[in-house]
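Scroll down for the structure; my scribbles are underneath it.
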Amino acid sequence: MEGLTILNPAFHGVMVLESENVAMNALVHTTYDANNADGIEFGNSQNVMVFNNFFDTGDDSVNFAAGYGAEVATLGQKAQSGAWIFNNYFRRGHGAVVTGSHTGAWIEKIVAEDNVMNKTDVGLRMKSRPYYGGGSRDVVFRNNAMRDIVNEPFVFTIKYKADVNDTQPAAEPAQFRDVTVSNVTVDGLSLIHISEPTRLALSS
């Protein structure tokens, strides 16, 4: 998909579900202040690329989802696996690169690099609930520049407030692991919020 402008939609902008080998190039996402208006959401898809996009969103900018609870195993849902996010400009939004909250079949193998984030609430945001299961793993967030971040540059939480209660719990609780953050500049704020144990590597 190339050259599309999403202007104030009623809901999410672009949603890609259960797909393979997808590229999003030079899209303009102007959904700021619209209700629950994610820019791009990928669900249970494999091998995706997001580059040269402009995001000014009312919710998360690039979001990944993979189902939740025991139904993930029952339905045989695939992991959200393989993503390269680069050369994008993220302005307002709840999070620039976001995993969850639906993490049941795992969200994995994400590289986000060479992006600019300005006035976004959070740069790298990971969220889930324990009984959703799965989680996020093998995530690399590097060579990104952040400025005037509204809340925190990084958030990792399994106490996400927008909760779904109508599901049977997964066999194992959600977790985040093998997350590497390196060579990221944060101008104006330097807080990190981690509510649960996370295997995280940080380097300057």
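Number of Lys-Lys pairs in the chain with C-alpha atoms under 18 Å apart and a separation of 8 or more places or on different chains: 4. Taking label positions 7 Å along the Cα-Cβ direction at both D138 and K159, the computed distance is 3.1 nm, reported to one decimal. Normalised by the residues of region 1-84, what does the relative contact order come to in percent, with Cα pairs under 8 Å and at least six apart? Computed value for region 1-84: 30 percent relative contact order. Can you tell me which of T74, T180, T30 moves the most in a GNM of the chain? Springs connect C-alpha atoms under 10 Å apart. Among T74, T180, T30, the largest mean-square fluctuation in the Gaussian network model of the chain belongs to T74.
The accessible area of K159, taken with all protein chains in place and a 1.4 Å probe, comes to roughly 120 Å². Per residue, the accessible area of the chain comes to 45 Å², computed with a 1.4 Å probe over protein heavy atoms only.
Assuming R0 = 25 Å, what is the FRET efficiency of V150 and N36, from their Cβ-Cβ distance, to the nearest 0.05? The partial results should precede the final answer.
Details: r = 18 Å, r/R0 = 0.72.
The calculated FRET efficiency here is 0.90.
Would you kindly state how much longer the chain becomes between V111 and V28 on full extension, computed as 0.36 nm times their sequence separation minus their alpha carbon distance, in nm to one decimal?
Details: separation 83, 0.36 × 83 = 29.88 nm, distance 2.10 nm.
My answer for the length gained is 27.8 nm.
Max-minus-min Cα coordinates of the chain on each principal axis give 40, 35, 29 Å, with the largest extent listed first.
What percentage of the solvent-accessible surface of region 124-179, computed with a 1.4 Å probe over protein heavy atoms, is contributed by carbon and sulfur atoms? All intermediate terms of the calculation are to be shown ahead of the outcome.
On the way: 1150 of 2620 Å².
Looking at region 124-179 in its full context, I get 44 percent from C and S.
Expressed as a rounded percentage, what relative contact order does the chain have, with Cα pairs under 8 Å and six or more residues apart? List each step's numbers first, then the result.
On the way: 689 pairs, mean separation 31.9, N = 204.
This gives 16 percent for the chain.
In this rough spin-label picture, where each label sits 7 Å from Cα along the Cβ direction, the E71-A10 distance is 2.3 nm. Multiplying the residue separation of E20 and S182 by 0.36 nm and removing their Cα-Cα distance gives an extension gain of 55.5 nm.
Label separation (F86 vs N52): 1.4 nm, computed from points 7 Å beyond Cα along the C-beta direction.
The values are calculated or read from the model by the stated rules, or taken from the named source; none is laboratory data. Small disclaimer: the values here were computed from a predicted structure and weren't measured. Counting neighbours? That spans all protein chains shown, and the Cβs are built from the backbone with ideal geometry, glycine included. With ligands, DNA and RNA removed, areas are computed over all heavy atoms of the protein, side chains included. Shrake-Rupley method; radii C 1.70, N 1.55, O 1.52, S 1.80 Å.
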